[in-house]
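Here the structure is laid out as structure tokens; the discussion comes afterwards.
Every read-out reported here was derived from the displayed coordinates using simple, explicitly stated rules and does not represent laboratory data. Just so we're clear, the structure is a prediction, and the values are computed from it rather than from any experiment. Virtual Cβ from ideal backbone geometry, glycine too; neighbours counted across all protein chains shown.
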Amino acid sequence: MAPIAMPSALSYELLAKCSITKARAATLHLPHGPVPLPIFMPVATQASLKGLTPEQLEDVGCRLCLNNTYHLGLKPGQATLDAVGGAHKFQSWPHNILTVSFQMVSLLKLAKVTEEGVRFLSPHDGTPMLLTPEHSISLQNSIGSDIIMQLDDVIATTSPDLARMTEAMERSVRWLDRCIKAHKYPEKQNLFCIIQGGLDLDLRRACTAEMVARDTPGIAIGGLSGGEAKDAYCKVVDTCTALLPEKKPRYVMGVGYPEDLVVSIALGADMFDCVWPTRTARFGNAITAQGVLNLRNAAYSEDFSAIEAGCQCVCCRSQDEGGLGITRAYIYHVTAKETAGAHLLTMHNVHYQLNLMKLAREAIIGDRYPAFLREFFAELYDEKSKYPDWAVNALKGVGVDLLID
Amino acid sequence: MTDESTPSHLSQLPPEMLDFTILKRTTTLAPRLGRLSLSSRKTILTPGFLGNTSRGIVPHVSQDNFPKTGINGVYIALEDFVEKHPQKTPPIFQIEASDPLRRFIALPHDSLIVLGARRQPPIPSAATNTNSEIGILTSVGFRTISSEYYAAAARKLQPDIVVGLADIPFGQETIGSRRKDKMSDRTETWTRDIIAKRNTIEKGTPRYNVFAPILPIEKELQSWYLEHLLDDMVDKISGVAIYDSHLLDQLPEELQPLPRLSFDNPTSPQALLRQVGLGMDLFTVPFVTEATDAGIALEFTFPAPQKTNGAERRSLGIDMWQNEHSESVIPLTEGCKCYACTKHHRAYIQHLLGAKEMLGWVLIQLHNHEILSAFFAGIRNSIETNNFEQDVAAFEVFYEPKLPEKTGSGPRVRGYQFQAQEHGKSTKKNPKAYKPLSAPLNVFHGHQPNSKPEVKEVIDDEALVGLVGIENIGRTEQLERLRIEDDHS
Ligand SMILES: [Zn+2]
Ligand SMILES: [Zn+2]
């Protein structure tokens, strides 16, 4: 089909490219303000991030967070969103919102995908529901998010059924066309396509070509983070980014472990989201440069040091530095007993993720991203032999050998 | 609640000495105005309230949000910090810095700390009191602590005020007169202990102030204790903690100038007003957090608004679980200056509760504390202008006598919040619940009473993995499932 030229409500300002890897640093200008790329986007599924006020989220430096179309469509529902005037007003969030679509639906065992859309039983009351590309866009138009995602046909990357995988990929392309047609506000909301095709690189290439031809303001690589091998994941990202236009943001959906982030950036990706950093906070898991610490471990009950030494988040900074001076022992004391324990650790974890992106961006701008990668892995693992093979191999592919100093 | 003007003589007192000035009083058994001040802490005007903490925080209010509550002082229970006792030294006692408790819980420097042994309200402990020990309930079960231990804890933790141990058999319906004699004797001994320990603190190190308990038994039955309090201890105590407000009637003359902390927990604003009317000064007000957990946004002012003839009594709070708020873009209370009301609207808060998002409770808690602060400011103003009695009468006519019934499910009940009797009930109701061998209390995940079944049945992301609403699942199983969720997301 002949692609329709699409208006865009964003501008991608490329600032620097790593001279060795495929890493890029940019500023993405969105309707609710500029955001730095690469970026990690915290997931506020139901228009709220794990007990944090929008102000607290803002204070940790977040300017773009996720909401889930499916959840907001059920609660508060489209009528309320229309009445209130969209999700920004609904949750009093003055910055950008990206709405992911219906990934959760595809995880429902009873979901049935037809050309029309996805049929499933509501997990709330068991009533049959049909989600179509048009409905998804209509909801996202009501939500008013700055970046909206197409409805796609997602199946597990680990599925061995190539025919089904091909069907899903091709259907996702057709659904993108329906989404573009249904999109009412292209001048104020940016529709991103989602590249599908599982772990089959030929399918991914074919899908990328089709999607790029549709000229959406941004491009997402979807269907990953479903438990596939990391090597395969890296190959897909590397393959897709090689075929993408330079001047558009690239969003890899559902990725958020620090190692995955720094490697994916080297492979040319810019945007990431994941529920893990915030979800895990509630169980006492603190993300640090040395790895994840489970502060519910009794060993931390008498550890009166900061959650992470040197961290500049409001929890870790000492009281003399204007912070709270929260210790590991205090997190141990309140985790899973008081909701505020989760709030504290969520702030730290989101800060960690955002700060990691900030440091990566600075390194790219200073053209020292390979050195940044070396430092990152050296900090995370006490010896090189422990570096994960997938990361070593993926980075070797873009010119950085972690095992050689 | 802050009074900018510091009393002029305060600078002449040792820095840790509490000053209580009665600004206005008429007779006994009448409301009074006072000012509780301690150098380097915010002044608390009375009648007033302390933030009622759990594990060092006002529930749902993280330390960075604490300044938004406008609270000037907090009540902290030692039982929230000593679960390792007696097998191990609790972590809180291992902090080698000055002001360890404040540091540990990241409380602002200018917030007053009042330390007591038990949470407010205390849950009856299965461990009975003895001549030297009281039963407490920690997050891992019932324990006892000795009077000596308590005094040592107070010395180490450097609170501003310590409430002396009281021998009260909580949960016991009737108490024999011999037991009451014992209560009086033990409480006297323990009060002497805490005073004696204070006197061992070296000069230059901050010394806590002691509030002596007044037992919830007839005056005659604690007369020995009260007599000795007057004879030997009155100049060494700085206040009293009163477990039964009716005893204000019989408080000896010499104790009248002291500030009175109520441990006779009011269950409604009206009950609170009755105690203020008897001359109570300071409260912990547990019903605020109870309302918050129930999703009830308090809505009352003192004095009450003008009543229109024939109008029905107004509710004391709004049940934010109700669907009627789902498209309402007005604040919880029109004109309220709290963070929740200035930044958010009812539709969002209703959504947060329904979605079991923790922020719902955060916002309601901030609002409820603002309502309470304004309520006390109104009380003080009413006393000042000699309208208190009429205002109370008008308040009782204007509002329902009780807070609204809770309809939605609250945050997961933390084990140490169970009432002992509810405990048995909830485990029977949830037969699948694991009963761990060593029975740490916080692994019981029961629902609070009155929750609507339809609310309980809601399945969503939060309910599946969150801090909230997990039923019939032992902690181990819960954690294992969570790890799976984590790995795949
Ligand atoms: Zn931190
Ligand atoms: Zn308010």
Shielding of B:52-64 by partners, i.e. mean partner chain Cβ atoms within 10 Å per residue? 6
FRET efficiency (B:Asn386, B:Val234; Cβ distance; R0 25 Å; to 0.05) is 0.20
In peptide B:358-365, how many Cβ atoms from other protein chains are near each Cβ within 10 Å, on average? 5
For the protein assembly as shown, count all C-alpha to C-alpha pairs, find those more than 55 Å apart, and express that count as a whole percent of the total. 19
Proximal aspartates and glutamates relative to A:Lys384, as straight alpha-carbon distance under 14 Å, when same-chain residues fewer than 8 apart are discounted: A:Glu375, A:Asp401, A:Asp405
Dipole of chain A (Lys/Arg Cβ +1, Asp/Glu Cβ -1, origin at the Cα centre): which of A:Met357, A:Met149, A:Gly323 lies farthest to the positive side? A:Met149
What residue among A:Val252, A:Val43, A:Val275 has the largest mean-square fluctuation in a Gaussian network model of chain A, using Cα springs under 10 Å? A:Val275
Neighbourhood net charge (9 Å Cβ-Cβ; Lys/Arg +1, Asp/Glu -1) for B:Ala154: +4
Length gained when the stretch B:Gln94-B:Ile22 is fully extended (0.36 nm per residue, less Cα-Cα span): 22.0 nm
Any chance you could check the Cα centroid distance between the stretch A:139-201 and the stretch B:343-394 for me, in angstrom? 46
Would you please name the chymotrypsin sites (Phe, Trp or Tyr not before Pro) within the stretch B:75-128 that are DSSP coil residues with at most 14 other C-beta atoms within 10 Å of their C-beta? none
Which lysines, on any chain, are close to A:Lys17 with Cα under 20 Å apart, when same-chain ones fewer than 8 places away are left out? A:Lys247, A:Lys248, A:Lys358, A:Lys396
Take B:Glu324, B:Glu370 and order them by how many other Cβ atoms sit within 10 Å, fewest up front. B:Glu324, B:Glu370
Over the protein assembly as shown: helical MRE at 222 nm, DSSP H runs n ≥ 4 each giving -39500 (n - 2.57), nearest 500: -10000 deg cm²/dmol
Can you give the % of DSSP beta bridges in chain A that are antiparallel, to the nearest 5? 50
For the protein assembly as shown, the dipole about the Cα centre with charges only on Cβ (Lys and Arg +1, Asp and Glu -1), to the nearest 20 debye, works out at 460
Once you charge only the Cβ atoms, +1 for Lys and Arg and -1 for Asp and Glu, what is the size of the charge dipole of chain A about its Cα centre, to the nearest 20 debye? 560
In the stretch B:82-173, the GluC sites (Glu not before Pro) that fall in loop regions by DSSP, at most 10 other Cβ within 10 Å: B:Glu96, B:Glu173
Suppose a student asked you for the relative contact order of chain A, using Cα pairs under 8 Å spaced at least 6 residues apart; what percent would you report? 18
For the protein assembly as shown, give the share of DSSP beta bridges that are antiparallel, in percent and rounded to the nearest 5; count only bridges with both residues there. 45
Pairs beyond 32 Å (Cα-Cα), from B:Lys219/B:Lys307; B:Lys156/B:Lys337; B:Lys24/B:Lys68; A:Lys337/B:Lys68: B:Lys219/B:Lys307; B:Lys156/B:Lys337
Among A:Thr346, A:Thr114, A:Thr166, which one shows the biggest mean-square fluctuation in a GNM of chain A, springs joining Cα atoms closer than 10 Å? A:Thr114
Which net charge results for the neighbourhood of B:Ala30, defined as the other residues with beta-carbon distances under 11 angstrom from its beta-carbon, given Lys and Arg at +1 and Asp and Glu at -1? +2
Mind checking the mean number of beta-carbon atoms from other chains within 10 Å of the Cβ atoms in A:280-291? 2
When ranked by the protection proxy of mean other Cβ atoms within 10 Å per residue, highest first, what sequence do the peptides B:24-37, B:354-367 form? B:354-367, B:24-37
Can you order the peptides B:213-222, A:32-41 by their average number of other Cβ atoms within 10 Å per residue, highest first? A:32-41, B:213-222
Ranked B:Phe283, B:Phe20, criterion: other C-beta atoms within 10 Å, fewest first: B:Phe20, B:Phe283
Working from the pairwise distances between different alpha carbons, so that the mean of 1/r is found and then inverted, what is chain A's Kirkwood radius in Å? 21.8
Report the charge-dipole magnitude of the stretch B:251-306 in Debye, nearest 20, computed about the Cα centre from +1 at each Lys and Arg Cβ and -1 at each Asp and Glu Cβ. 120
Three principal axis extents, largest first, for the C-alpha atoms of the stretch A:118-163, in Å? 38, 29, 15
